[in-house]
Each structure stands twice: as structure tokens, then as C-alpha cells.
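Undergrad: First the structure, which I've put down as C-alpha cells, then a few questions once you've had a look.
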Amino acid sequence: MKPWIQPVIPLLDYLRIFRVIKSVLDSVDAHTTHACMFFSIAGAAILREYYKKDAMQLAGAAFYLVDGKQRNAMSFATVSEGQAQSSDTAFHSWVQCDG
């Protein structure tokens, strides 16, 4: 069993930040399901400015294990000849914070 990892910021603060960013995107009819780049840039800036965290926006190929038993993974990349590649249509963007 993995030990509990302390969140970078309180959950209610995270939810408030998410709602504000999403409402900005909704106000200009953006496709929020495809807005990871904006979310990560704005989120990292908020974490640096207001929480004084070492936060940085990253983007590229990403894989998330969603079911360890069946080894199912969600991918944001293309795989060709055994190599994962990101592109302008196959990528994910996220925030790395305090390691």
C-alpha cells in the first residue's frame, strides 16, 4: 500500500482554481475538454504567484495507468515502431510542482 501523499494545495483551493479557469474558457466558447495547455499554464502561474510553489507547466507524450490489474493505460501520444511521440494533436499538458 502506498503512503498518503500530502496534496500541494488544499482540495477546495484546487476546485476553486479549476472552476475559475473553466469559466474563463467557457466564456469564450472554448472546448474545455481539449484545453489542458491553458489549464496547465494558468495553474502553474497561480501556484507560483499565490502559493509560492515551484510549479512548472510541461507538455508532451503522456501515459496514465488506469487499471493496474488489467494493465489498461490511457495515452496522449502516438506510438510508431515502438516509440511514443507527441504531436500537435496527440499530447497532454500538466503541472509539475515541488517534485
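Every number here is computed from the coordinates shown, using simple stated rules; none is lab data. Since we're looking at a predicted model, the values are computed, not measured. All Cβ positions, even for glycine, are placed from backbone atoms using ideal geometry, and neighbour counts span all protein chains on display.
Undergrad: Based on the alpha-carbon gyration tensor of the chain and its eigenvalue square roots a ≥ b ≥ c, which shape applies: rounded if a/c is under 1.5, prolate if not and a/b is larger than b/c, or oblate? Provide the component values of the computation, followed by the final result.
TA: On the way: a/c = 1.86, a/b = 1.26, b/c = 1.47.
Judged from the Cα gyration tensor, the chain comes out oblate (a/c at least 1.5, b/c at or above a/b).
Undergrad: Arrange 69, 53 by Cβ neighbour counts within 10 Å, fewest through most, would you?
TA: Details: 69 5, 53 16.
Lowest count first: 69, 53.
Undergrad: Convert each backbone phi in the stretch 63-71 into a coupling constant with the Karplus relation 6.51 cos²θ - 1.76 cosθ + 1.60 (shift: θ = phi - 60°), then list the ³J(HN,Hα) values in order as whole Hz, x for Gly and Pro.
TA: Per-residue couplings from phi come out as 9, 10, 6, 9, 8, x, 5, 8, 6 Hz.
Undergrad: On a 0 to 90 degree scale, rounded to 10, what angle separates helix 11-27 from the longest Cα axis of the chain?
TA: 80 degrees
Undergrad: Report the extension gain between residue 67 and residue 16 in nm, rounded to one decimal, defined as 0.36 nm multiplied by the number of residues separating them, less their alpha carbon distance. Working shown, then result.
TA: On the way: separation 51, 0.36 × 51 = 18.36 nm, distance 2.87 nm.
Separation in residues times 0.36 nm, less the Cα-Cα distance, equals 15.5 nm.
Undergrad: Okay, helix-only estimate at 222 nm for the chain: each DSSP H run of n ≥ 4 adds -39500 (n - 2.57), divide by all residues, round to 500 deg cm²/dmol; what do you get? Spell out each step's value before the answer.
TA: Working: 2 runs with 33 residues, N = 99.
So the helix-based figure for the chain works out to -11000 deg cm²/dmol.
Undergrad: For the chain, set up a Gaussian network in which alpha carbons nearer than 10 Å are linked by springs, and say which option among 55, 84, 44 fluctuates the most.
TA: 84
Undergrad: State, as an integer percentage, the relative contact order of the stretch 10-99 based on alpha-carbon contacts under 8 Å between residues 6 or more apart. Don't skip to the end; give the middle numbers.
TA: On the way: 112 pairs, mean separation 24.2, N = 90.
The normalised contact order for the stretch 10-99 reaches 27 percent.
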